[in-house]
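The values are calculated or read from the model by the stated rules, or taken from the named source; none is laboratory data. Values in this document were obtained by computation on a predicted structure and should not be read as measured data. Heads up, the Cβs are rebuilt from the backbone with ideal geometry, glycines too, and the neighbour counts pull from every protein chain shown.
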Amino acid sequence: MSTTPNLDYGSMGFKEIIVKLDGDNTIAIITLNRANERNTFSPLLVEEIVEVFGLLDRDDRVRVIIFTADPSAPAFCSGAMLPQGDLGWSSLYQSEAEREGPQAHRDLGGVVTIAILRCRKITISAVNGHAVGAGITALQLPFDFRLIWEGAKLAFPFVRRGIAPEACSSYLLPKLIGNSASLGLFLSGDTYSPRHHFLQPLYYSIHPNRSNVLPAALQLAYDLAENTSQPAIAMTKALVWRGKDTIEEQHLLESLVFRGLSGAGDGNEGVRAFKERRKVGFEDKLGDMKGELRPWWTEVDIRHRKAKL
Amino acid sequence: MSTTPNLDYGSMGFKEIIVKLDGDNTIAIITLNRANERNTFSPLLVEEIVEVFGLLDRDDRVRVIIFTADPSAPAFCSGAMLPQGDLGWSSLYQSEAEREGPQAHRDLGGVVTIAILRCRKITISAVNGHAVGAGITALQLPFDFRLIWEGAKLAFPFVRRGIAPEACSSYLLPKLIGNSASLGLFLSGDTYSPRHHFLQPLYYSIHPNRSNVLPAALQLAYDLAENTSQPAIAMTKALVWRGKDTIEEQHLLESLVFRGLSGAGDGNEGVRAFKERRKVGFEDKLGDMKGELRPWWTEVDIRHRKAKL
Amino acid sequence: MSTTPNLDYGSMGFKEIIVKLDGDNTIAIITLNRANERNTFSPLLVEEIVEVFGLLDRDDRVRVIIFTADPSAPAFCSGAMLPQGDLGWSSLYQSEAEREGPQAHRDLGGVVTIAILRCRKITISAVNGHAVGAGITALQLPFDFRLIWEGAKLAFPFVRRGIAPEACSSYLLPKLIGNSASLGLFLSGDTYSPRHHFLQPLYYSIHPNRSNVLPAALQLAYDLAENTSQPAIAMTKALVWRGKDTIEEQHLLESLVFRGLSGAGDGNEGVRAFKERRKVGFEDKLGDMKGELRPWWTEVDIRHRKAKL
């Protein structure tokens with residue numbers, strides 16, 4: 001997979017997100033820029049998130065990606081944009097789906113979720129406001145770390161709107177926190193606090209003020225950008241999300257991955273730094289990964305036949 | 001699947017359970033009626049539970065099903081009826097199994113569990129007493145919500161009786177709360193309080209007195225009966241329990257389900273009520289579901305060749 | 001599987017572990033004996049652990065296996081032995097792997113993990129010191145119960161060393177505690193206390209002093225050795241770790257296992273003791289298990305073509 005040149009994200013014309021690099025260009029901060037619309041999900045927002053995660057995935061400078069919102073916005077994200085006029089939910093259908101029938105519909109939340117989950121860098125969702133629907137599914141569940149404001153109101157309200165979980169949340173939430181908590185959250189459709197016991201394993205940390213969340217995310221990001229290896233991170237994420245069915249097969253896979261990572265520059269640097277009791281200086285890029293580290297899984301193609309994405 | 005006419009559950013001759021409708025016939029309350037036998041599992045009880053969950057699944061009036069016991073009974077359920085005479089556990093074998101050999105045995109707890117898990121309505125177990133064996137496996141794990149009395153003594157005592165987990169608990173418990181807690185509970189076979197950290201994600205709420213549990217379950221049931229859509233609930237349960245192996249396949253499935261639900265009456269009503277800031281009035285029934293919402297999974301047939309169930 | 005005669009573990013020449021029987025020879029206590037090397041993982045240690053778990057699995061006297069360390073050692077286990085000289089991680093490759101290429105490498109942590117997970121007896125890890133890398137993966141995750149010292153420092157430091165999770169931890173940890181906590185622990189590579197909320201379901205109990213952990217493990221072991229059935233334990237472990245993909249298939253499997261266990265001596269003894277309100281006296285051995293209880297799963301062969309193990 002080819003890498004991108006040193007892009008200037010500020011000049012790329014994003015409208016519904018603001019993208020900045022920080023920490024010597026090792027950290028990308030994406031800020032939702034639809035405060036006037038309660039940071040709701042829109043088709044353009046979806047397009048921009050998918051695009052930027054694809055670019056950041058291949059930008060060798062970037063090690064950590066933070067997604068956040070303006071802490072003074074009415075919400076971190078209030079879910080899908082309210083359907084316009086009398087169209088109901090069908091205003092969310094893509095024109096492609098209209099032509100090709102029900103099988104062609106692609107849930108936009110799921111498109112975002114998969115783009116984030118496929119990104120091989122460390123991803124952090126800094127949830128500094130209320131989050132409903134896609135604001136907790138697409139914009140939280142596919143991330144590696146979730147940090148949150150203690151006062152956030154959280155809801156998976158689907159069954160109270162006549163629909164079912166979207167954005168791959170019916171896949172991710174059970175794997176993240178188990179079926180008991182997931183069914184409780186999904187089937188009640190109620191509003192929960194981050195301190196609710198069903199959500200206990202979901203958040204890395206919980207913060208008293210909205211303005212504390214991004215600084216805490218940045219502190220975590222600085223540490224991880226400095227001290228972790230890009231190929232090691234990418235392989236760890238893949239081992240967890242794309243693992244094998246049996247322990248024996250996973251053992252063979254881990255062995256192959258270990259062999260691939262340990263023979264590389266970062267693997268050697270990791271040992272040397274540890275022995276010399278000094279900070280690591282990891283330099284390997286994702287494009288440098290050895291053959292053993294190529295994807296071992298196959299991905300069902302979710303694109304439309306004529307899709308741009 | 002055809003729906004049942006407006007049944008009068010009180011006149012159907014159930015002996016070991018009492019079945020009443022509440023909340024304008026939208027809520028069914030099933031009460032275990034074997035207090036004199038410590039509410040143990042019996043073959044007749046199994047038959048009646050399977051029958052009533054099948055009927056309630058197809059009774060279009062009913063949106064929520066609560067299972068509970070008399071709060072003054074010695075226990076919510078003390079597990080399997082003690083085998084009679086010298087037969088040991090083999091008194092639990094069905095005659096069919098005797099003729100057809102070991103492969104024909106059907107664990108009665110599992111028969112109950114599957115009947116409850118297949119029910120497409122919201123199910124709540126209101127555990128207002130001690131629960132052992134099938135009292136925590138079949139009568140709690142397949143439900144969507146579990147509410148419990150703080151003083152309940154809970155045990156999976158199988159390994160201390162020379163047997164192994166039943167009622168599909170070796171399938172459900174790991175998915176509900178993870179393998180670490182499940183193995184701890186199963187392999188110790190010990191008695192636990194609902195407050196034990198292994199059980200933390202299992203219960204929706206914990207109540208100080210036995211008499212508090214059913215009222216709390218009813219309060220939850222009234223809310224959900226009024227404010228959730230039947231097809232949305234049925235599809236949410238199926239997405240979690242009958243999901244696909246990969247995130248891409250689940251995305252395609254969620255997209256199809258969204259399309260099916262959003263184009264229906266409840267989907268439109270959900271959007272309209274939200275925009276008009278009023279209560280929803282969901283009217284779609286399970287029999288009305290569009291083609292996209294038909295079961296996408298196959299179920300291994302667990303019946304005996306000549307079974308009645 | 002044939003059983004072993006009454007072995008004298010003290011005379012078998014183990015160097016890096018000490019093996020003693022306790023509780024009328026029903027409990028085996030394995031103590032890591034590399035305090036001078038901070039109890040790090042070495043190839044000889046791996047060989048000895050694999051050997052002793054294989055022997056104990058087939059030693060009919062033994063019902064519970066405790067793994068622990070000297071509570072005055074610098075650590076319970078500090079992970080892999082630091083690679084020697086300039087070899088980096090490649091010093092951990094086996095010579096077989098050198099000849100046969102990357103596909104032939106077998107992660108030594110994974111070899112240990114699988115040996116422990118395959119052991120059909122109750123296994124307890126008594127973690128009375130700090131645990132890093134293999135000290136928390138191979139030496140904790142495959143066990144049935146984990147008891148720990150409150151002050152233990154725990155880390156999965158792989159991404160900070162340029163490598164990825166090993167010892168099948170990328171398979172076991174998500175199944176034990178879920179993907180949210182697992183990704184947080186793996187991708188931060190940080191040091192955690194046993195009280196951290198991500199680790200909440202992992203430990204059976206947490207103890208204030210290092211010297212409390214083994215006595216607590218022994219107390220649990222005495223109870224379980226006296227009161228649980230060997231075939232019931234073996235089948236329970238297999239139902240959880242080697243379960244089927246659907247609830248219907250698991251129901252058929254549980255039914256077959258119930259039939260096999262209930263017709264045996266321990267199954268009958270379990271019922272009789274319960275009815276007579278006396279302690280059980282289980283005597284069935286793993287070699288006695290009926291045909292229904294033979295392994296129903298297949299295991300990918302992880303050995304080298306010419307391996308000794």
When the range B:280-308 is checked residue by residue, the ones that are at pLDDT 80 or above and either of a type in the set (A, V, I, L, M, F, W, C) or closer than 18 Å to B:Glu254 by Cα (or both) are B:Val280, B:Phe282, B:Leu286, B:Met289, B:Leu293, B:Arg294, B:Pro295, B:Trp296, B:Trp297, B:Thr298, B:Val300, B:Ile302
So, of the residues in the range C:286-308 that are touching a helix residue (DSSP H, G or I) at 6+ places or on another chain (Cβ under 6 Å) and closer than 22 Å to C:Val62 by Cα, which turns out to be farthest from the other protein chains (Cβ to nearest Cβ)? C:Leu286
Tell me, yes or no, whether the range C:230-240 has at least one residue that is in contact (Cβ under 8 Å) with a residue 60 or more places away in the chain, charged (D, E, K, R), under 30 Å from B:Asp301 (Cα atoms) and part of a helix (DSSP H, G or I). yes
Just checking, which of A:Thr137, A:Thr113 is under 15 Å from A:Ser78 (Cα atoms) and β-branched (Val, Ile, Thr)? A:Thr137
Checking the condition away from chain A (no Cβ under 11 Å), within 19 Å of the chain's Cα centre (by Cα) and among the small types (Gly, Ala, Ser), which residue from B:Ala216, B:Ala238, B:Ala234 passes? B:Ala216
Could you count how many residues in the range A:133-180 are of a type in the set (A, V, I, L, M, F, W, C) and farther than 25 Å from A:Ala216 by Cβ? 5
Select from the range C:241-274 the residues that are hydroxyl-bearing (Ser, Thr, Tyr) and within 12 Å of B:Cys168 (Cα to Cα) and write down the one among them that is nearest to the other protein chains (Cβ to nearest Cβ). C:Ser255
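Residue by residue, here is whether (1) part of a loop (DSSP other than H, G, I, E, B); (2) modelled with pLDDT of 95 or more; (3) surrounded by fewer than 17 Cβ atoms within 10 Å (Cβ to Cβ); (4) among the basic types (Lys, Arg) holds:
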site	(1), (2), (3), (4)
A:Gly10	no, no, yes, no
A:Lys20	no, yes, yes, yes
A:Ile29	no, yes, no, no
A:Asn39	yes, yes, no, no
A:Leu45	no, yes, no, no
A:Val52	no, yes, no, no
A:Leu56	no, yes, no, no
A:Val62	yes, yes, no, no
A:Ala75	yes, yes, no, no
Within the range A:149-187, take every residue that is in contact with a Pro (Cβ under 8 Å, 6 or more places away or on another chain) and among the hydroxyl-bearing types (Ser, Thr, Tyr) and give me the one that is surrounded by the most Cβ atoms within 10 Å (Cβ to Cβ). A:Ser180
With the requirement that a residue be closer than 16 Å to B:Ala28 by Cα and touching a Leu at 6+ places or on another chain (Cβ under 6 Å), what does the range B:126-145 give you? B:Ala126, B:Asp144
Would you check if there is a residue in the range B:188-195 being in the same structural domain as B:Asp24 (by TED's automatic domain parsing) and either crowded, with 23+ Cβ neighbours inside 10 Å or modelled with pLDDT under 95 (or both)? yes
Can you tell me which residue within the range A:196-207, out of those that are in contact (Cβ under 8 Å) with a residue 24 or more places away in the chain and touching a Gly at 6+ places or on another chain (Cβ under 8 Å), is surrounded by the most Cβ atoms within 10 Å (Cβ to Cβ)? A:Pro201
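Conditions (1) closer than 30 Å to C:Asp107 by Cα; (2) among the β-branched types (Val, Ile, Thr); (3) surrounded by 16 or more Cβ atoms within 10 Å (Cβ to Cβ), marked per residue:
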position	(1), (2), (3)
C:Glu254	no, no, yes
C:Arg259	no, no, yes
C:Gly267	no, no, yes
C:Glu276	no, no, no
C:Pro295	yes, no, no
C:Thr298	yes, yes, no
Among B:Leu139, B:Leu183, B:Leu176, B:Leu154, the single one that is assigned by TED's automatic domain parsing to the domain that holds B:Pro43 and free of Cβ contacts under 8 Å to residues at least 12 places away in the same chain is B:Leu183
Scan A:Ala155, A:Ala221 and give me the residue that is at pLDDT 95 or above and within 23 Å of A:Ala80 (Cβ to Cβ). A:Ala155
Would you check if A:Ile114 is within 11 Å of chain B (Cβ to nearest Cβ), over 18 Å from the mean Cα position of the chain (by Cα) and modelled with pLDDT of 95 or more? no
